[in-house]
Amino acid sequence: MIYREAGQFRTTYVADQRIFPITQDRVAMAMLLVVAFVVVPAAASNYVLTALLVPMLVLAIAALGLNILTGYAGQFSLGTAAFMSVGAFAAYNFQLRVPGIPLLVTFVLAGLVAAGVGLVFGLPSLRIKGFYLAVATLAAQFFVDWLFTKVAWFSNDSPSGTITAQPMVIAGLPIDSPARRYLLVLSIAAVLALAAKNLSRTATGRAWMAVRDMDVAAEVIGIPILRTKLVAFGISSFYCGVSGALWAFAYLGTVEPQAFDLQRSFQILFMVIIGGLGTVMGAFLGSAFMLLFPLFLNWVLHLIVRTELRPGLLSQLELVFFGALIIVFLVVEPRGLARLWQITKEKLRLWPFPH
Amino acid sequence: MQGKVPGPVLLEVRGVSLSFGGVHALREVDFHVSEGEVCAIIGPNGAGKSSLLNVINGVYAPGAGTITYAGQTRRAMHPHAAAAQGIARTFQNIALFKGMSVLDNVMTGRALKMRRGVLWQALYWGPAEKEELEHRGRAEKIIDFLQIEHVRRTPVGRLAYGLQKRVELARALAAEPRLLLLDEPMAGMNIEEKQDMCRFILDANDELGVTVVLIEHDMAVVMDIADRVVVLDYGRKIADGTPAEVRANPEVIAAYLGVPTEADERAVAGAG
Amino acid sequence: MAFFVEVLVSGLLAGFMYSLVALGFVLIYKASGVFNFAQGAMVFAAAVTYAGLVSLGWSAWVAFAGSLLAMVVFALATERFVLRPLVNQPQISLFMATIGLTFVLEGLSQSVWGSEVRGLDLGIPDSPLELKGILVSKFDLVAAGTAAVLVSVLAFFFQKTRVGRALRAVADDHQAALSVGIPLERIWALVWAAAGAVALVAGLLWGSRLGVQFALTQVAFKALPVLILGGFTSIAGAIVGGLMIGASEKVAEVYLGPLIGGGIENWFPYVLALLFLLVRPDGLFGEKRIERV
């Protein structure tokens, strides 16, 4: 009833090319933004802000990056966390060694450094495809792990390789309260999400998807394969680098190299799969899901099993559930939560009629 | 089509040979195509027709011989360079990007014409938006031309085979090519669809001034739309001329159209 | 010089251990086109089941049989609930499903058997044997011998038997294999069970070397460079690849490591494999992929 396109005619290409061509979608998005930027920081508790929303948004940025690389460009990568790590350590070192450098510039530079590393590890992608490429990206993962632990310069000679991020200040305003951290991360996430969406609907995104779907044909049309893949690696790593920097500065405050290990890469991969490969919304849905689901599972298990469990058993059962959930998603809806949302919207358009 | 005055030579294939291991796909093939012509390449299966197209647009490099296109002679060419010089093609087994919509597929055909860099596109404002809209307009013209507006947002993988072939043609035309290479554009279509495709190809040739080289098995189609026919058999060219000339050529008849047996002759005599 | 040869030999023999794990990957990939990320978890689960059964008082052979049975059950369940619903899905989906399987297996085995470290005694002494003036570990020799036997049996099976041929057909194209009447489900269950058996053997050997602990799942990560070098579909390649990785890793650790700071064995095989891939994108023995337009 409400979600009807009747009477909405798009008479210009401008109108048709919009991200949200349907008026109701635009309204919904505007409302969402108002809630996110105004209502939540005022109403949400500090716990929700710092322990749920901030990590969710930070990881969503990394998920956006992986989505660009694997979802749009079809280059399978297991090294996501390595690029986050590069971003975190780069941001730390820039703040440490360049006095007076503005915070946002640090983040951008950290992203660029990560992009550079991404380009290097993306070079093999011209010759190597599929699983071989995935295994090659593992090389990045392990190497970066080792580098930041062993080479003391990166962590300013800290014995364990752990770094403590400097406090954040933008234009004289300290970003210390949970609400401010949240708003900072939210803004960056929104900007990067918009950029990703724009890229996906212009020539770059089409080139990525062409390379993903049939690279031989893409080459024949004139799309430069190596450049397209490298741009994907670069931009994706930029996003991961910014995410890593935010993880260090806006979320935890300290970073040990293990924070960006293979488990983290898998976590982000699952976000993208469960959220929906090849969609911007999927990155956010997947991130929310991956962070909320363990809490939910915890709560359910506590309800079912009243007695005191052997310590660790809970996390092991969680592991089983997660694994089973991944398989269920792959079988039932391989295009993830974003696709489920799309189907819901299509049903809404018809509601209350069945078809 | 008769009565066309041939323009200057656009494509010249000279002495091209191509082999894969022990298989000789092409043996010293010579022919030329004039600008504005529709040239059909026919021949039995395995005669080397697709390989010839692949050599022309640079997917394969011939072992011997040269290709002269738009005045430039070379042996090998990167497919990317071929595309940049205005050669577009379609493929025997549809090479569309199955995950993208029809509109997006056609837009990829304009990939070489889009200039604005990544950062502008991420911003999608000002120059980038202008460029995107301009190319959208051009793509829509082609979509109109080939009458696929009704499926422009449908993911290509979901379309019927005949429509997919049309989308592939649209993608090729979107690049505004000088030379269009079509590999069996009507394979698997019924009579109606074939007639539509013939019309589109002729219109493209007439209105858009595209030179067409197409591989085709249906002799009726070839007779109808081709200005010139080149016949290949086992990698060698065995005839070259107007459709009427080729049809009367005894070698072609023997190789391709079949030598009449006694039973055939009796049947023809009986029916006449 | 003798020291170098010792390092080399011990590396080669360690390589056999890697090959054992890689063999499980190759089996499954060769026969179902699935890259089974859960192989490492299978090694761990098999080893921990054996150690658990032994600690319950079962004798070695009965425990072995019991663990084997557990792996067969796992194979059947995997075929029924994971492979069958995902038939003819793109490889990437199947790969991600095996990542899910990894979690399930890791969680299950730890829930059932607990997460403490267990020892595993196979009765094979780790004492050194002297051969022509070089010290070689008896244990390594037994591992190498086991791997060699397994490989020969499996290679023969794939090449010479009817079932082996059917397996190769299945790996090529699921739907085509189905349409000629090959019973996909039985084949897959069979192959995964075989891979489970291989995982059990690998688990026992690795477990007695490292102790049965969660870190055992990480041996799979050592096997991946082996697969890159040897190709994903070659049984012989698993051996050759294993030898190359084992030897180069050991030599690098001893001679290169102290120069850079040590601890390089985690990434060195990967970088090696990566460089190798740039020259031979399909591995040493892997099938060349031909893309037609």
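Do we have any residue at all in the stretch C:50-61 that's within 22 Å of the chain's Cα centre (by Cα), β-branched (Val, Ile, Thr), within 30 Å of C:Ser111 (Cβ to Cβ) and at pLDDT 85 or above? Checking the stretch C:50-61: not a single residue is within 22 Å of the chain's Cα centre (by Cα), β-branched (Val, Ile, Thr), within 30 Å of C:Ser111 (Cβ to Cβ) and at pLDDT 85 or above. Apart from one condition, C:Phe103 fits all of (1) under 18 Å from C:Ala202 (Cβ atoms); (2) buried (at least 24 other Cβ atoms within 10 Å of the Cβ); the exception is (1). Of all the numbered requirements in (1) surrounded by 22 or more Cβ atoms within 10 Å (Cβ to Cβ); (2) more than 21 Å from B:Glu245 (Cα to Cα), B:Gly21 misses one, and that requirement is (1). Quick one: would you say C:Val142 is under 28 Å from C:Glu6 (Cα atoms) and either in contact (Cβ under 8 Å) with a residue 12 or more places away in the chain or touching a strand residue (DSSP E or B) at 6+ places or on another chain (Cβ under 7 Å) (or both)? Yes, satisfied. Quick test for you: out of A:Val332, A:Val328, A:Val305, pick the one residue that is out of contact with any helix residue (DSSP H, G or I) (no Cβ under 9 Å at 6 or more places or on another chain) and within 13 Å of chain C (Cβ to nearest Cβ). Unique residue meeting the criteria: A:Val332. Does any residue of the stretch A:223-240 turn out to be touching an Asp or Glu at 6+ places or on another chain (Cβ under 8 Å) and either farther than 20 Å from A:Phe94 by Cβ or not assigned by TED's automatic domain parsing to the domain that holds A:Ser177 (or both)? Yes, the stretch A:223-240 contains a residue that is touching an Asp or Glu at 6+ places or on another chain (Cβ under 8 Å) and either farther than 20 Å from A:Phe94 by Cβ or not assigned by TED's automatic domain parsing to the domain that holds A:Ser177 (or both).
This table checks each residue for (1) in contact with a Lys or Arg (Cβ under 8 Å, 6 or more places away or on another chain); (2) surrounded by fewer than 16 Cβ atoms within 10 Å (Cβ to Cβ); (3) not basic (Lys, Arg).
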site	(1), (2), (3)
C:Arg168	yes, yes, no
C:Ala176	no, yes, yes
C:Gly196	no, no, yes
C:Val240	no, no, yes
C:Lys250	no, no, no
C:Glu253	no, no, yes
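Could you tell me whether any residue of the stretch C:108-122 is away from every other protein chain (no Cβ under 14 Å), without any contact (Cβ under 8 Å) to a residue 40 or more places away in the chain and either surrounded by fewer than 18 Cβ atoms within 10 Å (Cβ to Cβ) or farther than 26 Å from A:Ser315 by Cα (or both)? Looking through the stretch C:108-122, none of the residues is away from every other protein chain (no Cβ under 14 Å), without any contact (Cβ under 8 Å) to a residue 40 or more places away in the chain and either surrounded by fewer than 18 Cβ atoms within 10 Å (Cβ to Cβ) or farther than 26 Å from A:Ser315 by Cα (or both).
Restricting A:Thr50, A:Thr80 to those that are assigned by TED's automatic domain parsing to the domain that holds A:Arg201 and out of contact with any Pro (no Cβ under 9 Å at 6 or more places or on another chain) reduces the list to A:Thr80. For the stretch C:230-242, the tally of residues that are more than 20 Å from C:Ala171 (Cβ to Cβ) and at pLDDT below 85 stands at 0. In the set (1) surrounded by fewer than 14 Cβ atoms within 10 Å (Cβ to Cβ); (2) within 14 Å of chain A (Cβ to nearest Cβ), C:Glu130 fails one condition alone, (2). One residue stands out among those in the stretch B:94-147 that are assigned to a loop (DSSP other than H, G, I, E, B) and facing chain A (nearest Cβ under 7 Å): the one that is farthest from A:Asp16 (Cα to Cα), which is B:Ala95. Mind listing just one residue for me: the one in the stretch B:163-204 that is part of a helix (DSSP H, G or I) and of a type in the set (Gly, Ala, Ser) and, of those, surrounded by the fewest Cβ atoms within 10 Å (Cβ to Cβ)? Selected residue: B:Ala204.
So the check is Cβ under 8 Å with 6+ separation or different chains; which pairs have a first residue in the stretch B:39-63 that's away from chain A (no Cβ under 14 Å) and a second one that's basic (Lys, Arg) and part of a loop (DSSP other than H, G, I, E, B)? Within 8 Å, the pairs are B:Ala61/B:Arg75; B:Pro62/B:Arg75. If you go through the stretch A:134-166 and keep only what is β-branched (Val, Ile, Thr) and more than 10 Å from every other protein chain (Cβ to nearest Cβ), you end up with A:Thr162, A:Ile163, A:Thr164. Scanning the stretch A:77-107 for residues that are closer than 18 Å to A:Gly253 by Cα, out of contact with any Phe, Trp or Tyr (no Cβ under 6 Å at 6 or more places or on another chain) and of a type in the set (Val, Ile, Thr) turns up just one, A:Val86. Of these, A:Ser77, A:Ser158, which one is under 17 Å from the mean Cα position of the chain (by Cα) and either of a type in the set (S, T, N, Q) or closer than 20 Å to A:Phe238 by Cβ (or both)? Result: A:Ser77 is the single residue among A:Ser77, A:Ser158 that is under 17 Å from the mean Cα position of the chain (by Cα) and either of a type in the set (S, T, N, Q) or closer than 20 Å to A:Phe238 by Cβ (or both).
Please indicate, with yes or no, whether at least one residue in the stretch A:281-292 is over 20 Å from the mean Cα position of the chain (by Cα) and either within 14 Å of chain C (Cβ to nearest Cβ) or over 24 Å from A:Met56 (Cα atoms) (or both). There is no residue in the stretch A:281-292 that is over 20 Å from the mean Cα position of the chain (by Cα) and either within 14 Å of chain C (Cβ to nearest Cβ) or over 24 Å from A:Met56 (Cα atoms) (or both).
The requirement of being within 14 Å of chain A (Cβ to nearest Cβ) and surrounded by 22 or more Cβ atoms within 10 Å (Cβ to Cβ) is not satisfied by C:Pro258. The single condition among (1) closer than 30 Å to A:Ile223 by Cβ; (2) assigned to a strand (DSSP E or B) that B:Ala76 does not meet is (2). Restrict the check to the stretch C:262-278 and report whether at least one residue is closer than 30 Å to A:Pro159 by Cβ, surrounded by fewer than 23 Cβ atoms within 10 Å (Cβ to Cβ) and of a type in the set (D, E, K, R). Within the stretch C:262-278 (the criterion being closer than 30 Å to A:Pro159 by Cβ, surrounded by fewer than 23 Cβ atoms within 10 Å (Cβ to Cβ) and of a type in the set (D, E, K, R)), the answer is yes, since at least one residue qualifies. Residues considered: A:Val169, A:Val185. Of these, the only one that is more than 7 Å from chain B (Cβ to nearest Cβ), more than 25 Å from B:Ser101 (Cα to Cα), surrounded by 17 or more Cβ atoms within 10 Å (Cβ to Cβ) and in contact with a helix residue (DSSP H, G or I) (Cβ under 7 Å, 6 or more places away or on another chain) is A:Val185. Confirm whether C:Phe95 is aromatic (Phe, Trp, Tyr), in contact with a Phe, Trp or Tyr (Cβ under 9 Å, 6 or more places away or on another chain) and within 12 Å of chain A (Cβ to nearest Cβ). Here the answer is yes, as C:Phe95 does meet what is asked. Can you pull out every residue in the stretch A:312-344 that is among the hydroxyl-bearing types (Ser, Thr, Tyr) and either buried (at least 18 other Cβ atoms within 10 Å of the Cβ) or farther than 19 Å from A:Leu301 by Cα (or both)? If the condition is that a residue be among the hydroxyl-bearing types (Ser, Thr, Tyr) and either buried (at least 18 other Cβ atoms within 10 Å of the Cβ) or farther than 19 Å from A:Leu301 by Cα (or both), then A:Thr344 is the only one that fits. Residue-level check: of (1) over 25 Å from B:Arg171 (Cα atoms); (2) more than 8 Å from chain B (Cβ to nearest Cβ), A:Ile235 misses just (2).
Residue count for the stretch B:67-93, restricted to those that are more than 19 Å from B:Ala204 (Cβ to Cβ), of a type in the set (A, V, I, L, M) and facing chain A (nearest Cβ under 10 Å): 2. Taking the listed residues C:Ile187, C:Ile245, the one that is buried (at least 24 other Cβ atoms within 10 Å of the Cβ) and either closer than 25 Å to C:Phe139 by Cα or modelled with pLDDT of 80 or more (or both) is C:Ile245, with no other qualifying. Restricting C:Phe74, C:Phe103, C:Phe64 to residues that are more than 14 Å from every other protein chain (Cβ to nearest Cβ), in contact with a Phe, Trp or Tyr (Cβ under 8 Å, 6 or more places away or on another chain) and at negative phi narrows the list to C:Phe64.
The values are calculated or read from the model by the stated rules, or taken from the named source; none is laboratory data. Source: prediction; values computed, not measured. FYI the Cβ positions are ideal-geometry reconstructions off the backbone, even for glycines, and counts take in every protein chain you see.
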